[in-house]
1. Using a Gaussian network model on the chain with a 10 Å cutoff between Cα atoms, which of VAL45, VAL127, VAL288 fluctuates the most?
2. Provide LEU301, LEU129 in ascending order of the number of other Cβ atoms located within 10 Å of each residue's Cβ, fewest first.
3. For the chain, evaluate the Debye formula with one uniform point scatterer on each Cα (no solvent term) and list log10 I(q)/I(0) at q = 0.09 Å⁻¹, rounded to two decimals.
4. In whole Hz, what ³J(HN,Hα) sequence does segment 32-46 give by Karplus (6.51, -1.76, 1.60; θ = phi - 60°), x for Gly and Pro?
5. Mind checking which of PRO149, PRO57, PRO263 has the largest fluctuation in a GNM of the chain, springs on alpha carbons under 10 Å?
6. Arrange the following residues from fewest to most other Cβ atoms within 10 Å of their Cβ: CYS101, CYS44, CYS212.
7. Arranged by the count of other C-beta atoms within 10 angstrom, fewest first, what order do TRP107, TRP54 take?
8. Can you tell me which lysines have their Cα less than 25 Å from the Cα of LYS262? Leave out same-chain residues fewer than eight positions away.
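Please treat every number below as a calculation from the coordinates, not as lab data. Quantities reported herein were computed from a predicted structural model and do not represent experimental measurements. Don't worry about glycine lacking a Cβ; one is built from the backbone with ideal geometry, like all the others, and counts go over all protein chains shown.
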Amino acid sequence: MSGYRGPMRVLSGIQPSGGMQLGNYLGAIRKFVELQHQYECYYCVVDMHAITVWQDPEKLREQTFHIAASYLAAGVDPNIATVFHQSAVGAHAELAWIFNCVARLGWIDRMTQFKDKAGKDKERASVGLYTYPVLQAADILVYKATHVPVGEDQKQHLELSRDIAGKFNHDFDADDFFPLPEPLIKGPGARIMSLRDGAAKMSKSDPSENACIFLSDDSDVIARKIKKAKTDSEPLPSEPKGLEGRLEAANLVGIYAALSGKPDADVLKEFGGQGFGAFKPALAELVVEKLAPISAELRRLEADPGYLQQVLRNGAERAAAVADPVVAEVKEIVGFLP
């Protein structure tokens with residue numbers, strides 16, 4: 001954070017482009033709940049990022065409510081943390097344009113996520129998908145966030161945010177105006193893999209319906225998906241070293257460890273030597289136990305869109321009260337007339 005002396009703030013967000021799943025919960029939302037008691041937290045539904053690829057407008061609105069409801073169902077308190085949708089705070093877009101003029105083309109060319117998402121047909125990708133990381137930097141820095149919970153796939157984007165903040169501070173002789181945000185490593189359960197392919201991250205867009213456990217899944221569906229989860233024919237080892245090269249087995253053990261709050265070693269002490277015929281039912285029971293209350297609250301909240309709308313509006317007002325003065329000061333620093 002260099003010499004920055006402002007308040008400690010956290011910013012994070014999830015795209016409204018599909019149903020919330022176990023990986024989102026263990027890798028992000030559960031951490032949101034913990035962080036809200038330690039920092040000044042801003043949790044947005046990043047609908048502006050979502051439209052970097054085509055979204056059906058009506059589904060986008062529905063999914064925005066779904067993500068907000070998922071935050072609240074998991075335990076995020078909108079009276080403590082600021083919960084809002086990104087597009088409701090215009091300062092994000094305004095700062096992103098200024099940052100587009102600060103960031104260097106070579107920096108964006110190095111972003112690997114664009115290459116992954118655009119694939120071989122990058123000429124048909126939207127400009128927004130290419131400049132996505134600059135908007136992400138604006139999301140963070142418009143609140144002068146000092147910490148960002150990140151996974152491995154977002155660490156490069158956080159580095160870009162630090163580069164943009166540092167260059168802005170240097171170019172405009174604005175020492176420590178923006179902090180250099182630091183990562184908050186998510187810890188156990190940060191990277192949950194597909195139930196059908198231990199080498200692929202669990203994703204709501206996976207074509208296999210059995211690859212992903214959604215927060216909205218009922219107990220029977222969860223049990224079925226875990227029963228069908230890909231494994232191997234060997235029993236579980238008695239220590240973590242024995243999971244090397246066994247991606248699917250390691251993933252299931254990691255899920256159990258993350259939900260139970262135990263290290264992998266303790267899980268293997270309990271289940272080592274047993275086959276998946278014994279382990280999978282125990283895992284299914286644990287997943288159901290942990291997700292059932294969240295699923296029930298999620299359904300209750302989604303049945304009350306008026307309440308969700310009010311939460312998002314209130315959050316957007318609180319967010320704008322912080323973001324708008326930052327952008328006003330940036331405009332003065334770069335030489336815009338008031």
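1. VAL127
2. LEU129, LEU301
3. Normalising to I(0) and taking log10 leaves -0.52.
4. Ordered by residue, 3J(HN,Hα) equals 4, 4, 5, 5, 4, 8, 10, 9, 7, 10, 10, 10, 10, 9, 8 Hz.
5. Its mean-square fluctuation being the largest, the pick is PRO57.
6. Least to most surrounded, the residues fall as CYS101, CYS212, CYS44.
7. Arranged by neighbour count, lowest to highest, TRP107, TRP54 become TRP54, TRP107.
8. Within reach: LYS31, LYS186, LYS201, LYS225, LYS227, LYS228, LYS230, LYS241, LYS280, LYS290.
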